[in-house]
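Inspection log for the structure reproduced underneath, given as structure tokens.
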Amino acid sequence: MTHSHLPNWYQKGLPHIWLPYSQMQTASSPIAATKTNGSQIFLTDGRILIDGIASWWTACHGYNHPYICAALQRQLDIMPHIMFGGIVHEPALHLAQRLCDRLTGNLNHVFFTDSGSVAVEVAMKMAIQSRLNKGETRRTRIMAFHGGYHGDTLATMAVCDPEEGMHHLYGNVLTQQIIAPLPCDEPSFKTFHNLLEQHAHELAAILVEPLVQGAGGMLFHTPDVLQIIRHAADRYDILLILDEIFTGFGRTGTFFAYEQAHIVPDIITLSKALTGGTLALAATIAVPHVFEAFLSNNPEHALMHGPTFMANPLACTSANASLDLFDTEPRLEQVATLNSFLTDTLKACRTLPGVRNVRTLGAIGVVELEHINNHERLRQEFITHGCWIRPFRNIVYLTPAFTIDEKELHTLTHTVYKVLSA
Ligand SMILES: Cc1ncc(COP(=O)(O)O)c(C=O)c1O
């Protein structure tokens, strides 16, 4: 970015900002966005970038969708926010009912929060306390998986992949959870079952991202892995929590990823594309037997959680508007078309030196490399070509808006090829 284009607010404000996932001593200056539209990000220096990752997988209908914006503007005049303790409102109740209608199985009890990490923490609390309320005091641990990612708060770090969750750096600060390999071949299946045999008596829940471990490196597994996990959870009487914060709302080709495995979780977590990428909102949704474990004459058996901005009316309104768009516009067909396009165009990357694997699922396209030396340099090259693509670990990936047009998508996939072949 040329210096003359940097506005005053950027120069004065940036020294006060602590950026996410950044070594602030060496981090290069962030780009400055002034507005968004569709799949485009407009920068202060006049450049326009095509967003290849839909703002961390949220903006499934593209930015500033007029239908969502209009709904938000109406709600803004009516009631932007109100506390949820002892007061309810139409956007939240309407949304809760619609989410339960959309979910197969008996997922019927919705607890709203304001971020994915907190939704996962609530799921963990639901699982653990449902046992404690019944007097089962030993079932307080969670089994999660290598390659998994469930958030950045302390409790969720403990259920992330040990490397991703920085278990070594945080040492004893993190609760010791059971991290197993995903049961996807004979040896991992054995280890998974051995760990269950050893720890089932102390496990409240098994927690997994269905079909795709997103932040762990866009690692795909097949639906039968989820069936194996569901079966094991039943066998050992352990609850199954599915974290669909990344995979929910069409990203893997079905509305929810777990539909492809024909199983049902006991608890599910949703966020990211829930509001069509406009506002912070998350939901943790449980089946009756989890909810009913909290019903008691004892006030201590209640779920003691209540974020200040939970069920924010504006956020719920945008989520309702987003669901309307899924009802009225052909989003899943667009995901199928995107999948064909990504599969056809990214396969050329297979022959490039240093490319280990190319894979797609739904509206996710991944080029896995042997390794990436300099993520920042790669990111800058994509920007130079007019694309917002953010490589991490050893992957370059695309998760565009489902509404992206073919020309923009072509620019993204062509740029991935060009930059990786340079
Ligand atoms: C599967 C999954 N769970 C949880 C989270 C955490 O969500 P948040 O960043 O909103 O706290 C993420 C974020 O990337 C995620 O991908």
Failed criterion for Gly276 (all others in (1) over 21 Å from Gly52 (Cα atoms); (2) assigned by TED's automatic domain parsing to the domain that holds Gly250 hold):
(1)
Log entry, pairs with first residue in the range 266-284 being closer than 24 Å to Ala127 by Cβ and more than 11 Å from the ligand (Cβ to nearest atom), second being aliphatic (A, V, I, L, M) and in a strand (DSSP E or B), beta carbons closer than 6 Å, six or more apart or on different chains, reads Asp266/Leu239; Asp266/Leu240; Ile267/Ile241; Ile267/Ala286; Ile268/Leu242; Ile268/Ile285; Ala283/Val110; Ala283/Leu270
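What tally of residues in the range 83-104 results from selecting those that are farther than 22 Å from Glu259 by Cβ and in a loop (DSSP other than H, G, I, E, B)? If you could, list the steps in order and put the result at the bottom.
Taking the range 83-104 as the starting set, the residues that turn out to be farther than 22 Å from Glu259 by Cβ are 83-94.
Add one more test, that the residue is in a loop (DSSP other than H, G, I, E, B), and what stays is 83-89.
Qualifying residue count for the region: 7.
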Going through the range 53-87 one residue at a time, which ones are within 16 Å of the ligand (Cβ to nearest atom) and in contact with a helix residue (DSSP H, G or I) (Cβ under 6 Å, 6 or more places away or on another chain)?
Trp57, Thr58, Cys60
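A quick yes/no check of all residues on (1) touching a strand residue (DSSP E or B) at 6+ places or on another chain (Cβ under 8 Å); (2) part of a helix (DSSP H, G or I):
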| residue | (1), (2) |
| --- | --- |
| Glu197 | no, yes |
| Pro210 | yes, no |
| Asp224 | no, yes |
| Gly248 | yes, no |
| Ala280 | no, no |
| Ala283 | yes, no |
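Suppose we filter the range 345-368 for residues that are closer than 29 Å to His61 by Cα and touching a residue at least 24 places away in the same chain (Cβ under 8 Å); how many remain? Please lay out each step first, then the result.
Start the filter on the range 345-368 by keeping residues that are closer than 29 Å to His61 by Cα, which leaves 345-349, 357-368.
Now drop any that are not touching a residue at least 24 places away in the same chain (Cβ under 8 Å), which leaves 345-346, 348-349, 359, 361-368.
Matching residues across the range 345-368 total 13.
Between Ala233, Ala180, Ala215, which is in the same structural domain as Gly151 (by TED's automatic domain parsing) and in contact (Cβ under 8 Å) with a residue 60 or more places away in the chain? Steps first, answer last, please.
Numbers: Ala233 fails: in contact (Cβ under 8 Å) with a residue 60 or more places away in the chain; Ala180 fails: in contact (Cβ under 8 Å) with a residue 60 or more places away in the chain.
One residue alone meets the criteria, Ala215.
Residue-by-condition table, conditions (1) among the polar types (S, T, N, Q); (2) within 26 Å of Glu333 (Cβ to Cβ):
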| residue | (1), (2) |
| --- | --- |
| Val208 | no, no |
| Leu211 | no, yes |
| Phe220 | no, yes |
| Ile229 | no, no |
| Ala233 | no, no |
| Ile241 | no, no |
| Gly248 | no, yes |
| Gln260 | yes, yes |
| Asp266 | no, no |
I need a count of the residues in the range 105-122 that are more than 10 Å from the ligand (Cβ to nearest atom) and part of a helix (DSSP H, G or I).
1
Based on this model, can you work out whether Ala282 counts as within 30 Å of Asn37 (Cβ to Cβ), in the same structural domain as Asp101 (by TED's automatic domain parsing) and touching an Asp or Glu at 6+ places or on another chain (Cβ under 8 Å)?
yes
Candidates Lys190, Lys125 - the one that is of a type outside the set (Val, Ile, Thr), assigned to a helix (DSSP H, G or I) and either within 16 Å of the ligand (Cβ to nearest atom) or surrounded by 21 or more Cβ atoms within 10 Å (Cβ to Cβ) (or both):
Lys125
Out of curiosity, is Gly151 under 19 Å from Met124 (Cα atoms) and crowded, with 21+ Cβ neighbours inside 10 Å?
yes
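Report those strands (runs of 3 or more DSSP E) wholly inside the range 307-416 carrying at least 2 residues which are of a type in the set (S, T, N, Q). Explain how you work it out, then say what you get.
Working: elements: 355-361, 364-369, 395-398.
Ranges flagged: 355-361.
The values are calculated or read from the model by the stated rules, or taken from the named source; none is laboratory data. Computed from a prediction, not measured in an experiment: that's the story for all the values here. Here the Cβ is made from the backbone with ideal geometry for all residues, glycine too, and neighbour counts use every protein chain on show.
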